[in-house]
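First the structure, in the form of structure tokens, and then the observations on it.
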Amino acid sequence: MNKQFLLNIVYILLGSALLGISYNVISPNGIPLFAEKTQLIKTGLDDFITSPNNSEENTAREIDLKTAFEIHQKGLAKFVDGRDEWEYGEGRIAGAINIPDYNFEDHIDKYNSMDKSLNYIVYCGGEDCDISIRLAKKMKELGFTNVYVFSGGWDQWFAANFPVDND
Amino acid sequence: MTSFLSSNITLLVFRIILAIVFIFAGMEKAANPADFSEAVANYRVISLFLQNIVAIVIPWVEVVSGILLLYGKFLKENSTIISVLLIAFNILVLQAMLRGLDIDCGCFGTIDAQIVGFRKLLENFALLAMGISIFRFSKSETND
């Protein structure tokens, strides 16, 4: 492999990147260059208990690790793991059910028959994933009224040594 | 076999097939970066931060390499890029299969809802064989 060959590859890649980024700027379908996590409304335990219904809001509300643990201990909500079956099987918050986000549309009927007025806490891997936010949005669109996101997810829960299940 | 693969006609046919597949696939994805970004996310290997930039750039690498391949420019370079992409795609498909993800491959944007699986792997291997043949048997144009 000579140097010119590698340089040409770099030029082609850089040219393509430039074209892609330029097109993205002018295209009506353009997206942000770097995805950012959607900002959610933070909710404490008191708010959660007094007014769990947030169906009128565009985004789901968010709870932190401490609140998630208290809700879990008191049995105030069903926990929903939005990751795939494999990760769910490896380890999950104790008692959590699995609603994988990636094939949500394929199982709409099943989710439609769930009790939509219960409290649901959706989570995924941790701070770096947005599956829980996407899934919460889809659940709200389907008519679930009390959907919350635990954004610390599996990573925080596991690190805190809170109760878990696995297959 | 070698003489068949290295014949000008065969290489031309390979170039045209690869070029059409990559230009077509790239344009479909470039037109809807938000959909492709979600398809990228479904493979669960790239962080949220990088997901959009990958979804914006990769389709254009496919389009540009495809066009250059069609016009016979920098054949070795472009067949290398396309082969590396195909190897990467197959690793992604394979890991998704091993994890039991039945996700849309996102290969041609939203127009085909092809699920990742053995068929996809075989298609990619066939394209990869064409890419490697072009790399191996085409003349270097580096000094043009």
* **Kirkwood Rh in Å, taken over chain B so that all alpha-carbon pairs contribute** => 15.6
* Please give the contour-minus-distance gain from residue A:90 to residue A:106: 0.36 nm per residue of separation, less the Cα-Cα distance, rounded to one decimal in nm. => 3.5 nm
* How many Cβ atoms of partner chains, on average, are near each residue of B:53-63 if near means within 10 Å of its Cβ? -> 6
* Taking the dipole about the Cα centre of the protein assembly as shown, with the C-beta of Lys and Arg at +1 and of Asp and Glu at -1, give me whichever of B:70, A:144, B:59 is farthest to the positive side. => B:70
* For chain A, what proportion of DSSP beta bridges, expressed in % and rounded to the nearest 5, is antiparallel? -> 10
* To do: Evaluate peptide A:86-95: per residue, the Cβ atoms of other protein chains within 10 Å of its Cβ; return the mean as an integer.
  => 1
* Calculate for the protein assembly as shown the 222 nm mean residue ellipticity that helices alone would give, adding -39,500 (n - 2.57) per DSSP H run of length 4 or more and normalising by residue count, nearest 500 deg cm²/dmol. => -18000 deg cm²/dmol
* Structure fact -> Ranked from fewest to most other Cβ atoms within 10 Å of their own Cβ, A:72, A:107 fall in the order A:107, A:72
* With +1 on each Lys and Arg Cβ and -1 on each Asp and Glu Cβ, how big is the dipole of the protein assembly as shown about its Cα centre, in debye rounded to the nearest 20? -> 1040
* Structure fact -> Restricted to pairs 8 or more residues apart or on different chains, the lysines in chain A with C-alpha atoms under 19 Å apart form a number of pairs equal to 20
* Structure fact -> So, relative contact order of chain B in percent, Cα under 8 Å, 6 or more apart, is 33
* Asked: For the protein assembly as shown, what size does the Cα cloud have along each of its three principal axes, sorted from largest down, in whole Å?
  -> 74, 41, 35
* Structure fact -> Any DSSP H helix in chain A with Cα axial reach of 18 Å or more and mean Kyte-Doolittle score of at least -0.5? Listed by number, the hits are A:3-26
* Inter-centroid distance (Cα atoms) of the range A:102-167 relative to the range B:24-96, Å -> 30
* Assuming a ≥ b ≥ c are the square roots of the Cα gyration tensor eigenvalues, decide whether chain A counts as rounded (a/c under 1.5), prolate (otherwise, with a/b larger than b/c) or oblate. => prolate
* Asked: Along the Cα-to-Cβ line of residue A:36, 7 Å from the Cα, sits a label point; which residues in the range A:126-153 have backbone N less than 17 Å from it?
  -> A:128-130
* **the protein assembly as shown - share of DSSP beta bridges that are antiparallel (%, nearest 5)** => 15
* Asked: How far, in degrees from 0 to 90, does helix B:118-137 lean away from the longest principal axis of the Cα atoms of chain B, to the nearest 10?
  -> 30
* Please give the average number of partner chain Cβ atoms lying within 10 Å of the Cβ of each residue in A:51-61, rounded to a whole number. => 0
* To do: Starting from the range A:1-55, pick out the chymotrypsin sites (Phe, Trp or Tyr not before Pro) whose DSSP state is loop and whose Cβ has at most 13 other Cβ atoms within 10 Å.
  => A:34
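Coordinate-derived values only; no laboratory data. Not measured: the values here are computed from a predicted model. Glycine gets a Cβ as well: all are built from the backbone with ideal geometry, and neighbour counts include every protein chain shown.
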